[in-house]
Amino acid sequence: MGANIILFVFSILNIYFQQKNINNPNQAAVIRGVMAGTFLKLMGLAAAALIYLVAAGANRSVNAVFAGMGLYIVYTWLEVKISLKLKPKK
């Protein structure tokens, strides 16, 4: 559940920043923004997983970490799909 919340917050923030930069005439800047957001989301999830594994000790669930990794893929796919719909093709 924690991974889901973290990924949701990162995705909402990333889409917000993409909406602000979508009308940038430099297409490379838009792509860099999408890639930077995806990378930050990955690093945030990795940090959360490490903190969880250390803090949980013997009571940790490896399946929860794998579920978080699966959610990362789903959120990234949805985010890219939304990003493509934000700017219509010319």
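The values are calculated or read from the model by the stated rules, or taken from the named source; none is laboratory data. If you're wondering where the values come from, they're calculated on a predicted model, not measured in any experiment. Virtual Cβ from ideal backbone geometry, glycine too; neighbours counted across all protein chains shown. Note: accessible area is taken over every heavy atom of the protein model, side chains too, but ligands, DNA and RNA are not part of it. Shrake-Rupley method; radii C 1.70, N 1.55, O 1.52, S 1.80 Å.
Of the conditions (1) assigned to a helix (DSSP H, G or I); (2) on the phi < 0 side of the Ramachandran plot, N24 clears all except one; give me its number.
Of everything listed in (1) assigned to a helix (DSSP H, G or I); (2) on the phi < 0 side of the Ramachandran plot, N24 misses just condition (1).
Taking the criterion of being within 14 Å of the chain's Cα centre (by Cα) and among the β-branched types (V, I, T), would at least one residue in the range 25-42 satisfy it?
Scanning the range 25-42 turns up at least one residue that is within 14 Å of the chain's Cα centre (by Cα) and among the β-branched types (V, I, T).
Looking for something closer than 17 Å to L78 by Cα and either touching a His at 6+ places or on another chain (Cβ under 7 Å) or not small (G, A, S) (or both) - is there at least one such residue anywhere in the range 45-58?
Within the range 45-58, one or more residues are closer than 17 Å to L78 by Cα and either touching a His at 6+ places or on another chain (Cβ under 7 Å) or not small (G, A, S) (or both).
Does V54 meet the test of being farther than 11 Å from L7 by Cα, of a type outside the set (D, E, K, R) and open to solvent by 40 Å² or more (accessible area, probe 1.4 Å)?
Judged against the criteria, V54 is a match.
If I ask for residues that are in contact with a helix residue (DSSP H, G or I) (Cβ under 7 Å, 6 or more places away or on another chain) and outside any helix (DSSP H, G or I), which ones from the range 39-90 would you list?
R60
Any idea which of A28, A58 is modelled with pLDDT of 85 or more and of a type outside the set (K, R)?
On the way: A28 fails: modelled with pLDDT of 85 or more.
Result: A58 is the single residue among A28, A58 that is modelled with pLDDT of 85 or more and of a type outside the set (K, R).
Here are some residues: A29, A3. Which one is in a helix (DSSP H, G or I) and touching a Gly at 6+ places or on another chain (Cβ under 6 Å)?
A3
If I ask for residues that are of a type outside the set (A, V, I, L, M, F, W, C), in contact (Cβ under 8 Å) with a residue 24 or more places away in the chain and closer than 21 Å to I82 by Cβ, which ones from the range 37-70 would you list? If you could, list the steps in order and put the result at the bottom.
Filtering the range 37-70 for residues of a type outside the set (A, V, I, L, M, F, W, C) gives 37-38, 41, 44, 52, 57, 59-61, 63, 68, 70.
Then keep just the ones that are in contact (Cβ under 8 Å) with a residue 24 or more places away in the chain; that gives 37-38, 41, 44, 52, 68.
Matches in the range 37-70: G37, T38, K41, G44, G68.
Would you mention how many residues in the range 1-48 are of a type in the set (S, T, Y) and open to solvent by 30 Å² or more (accessible area, probe 1.4 Å)?
The number of residues fulfilling the criteria is 1.
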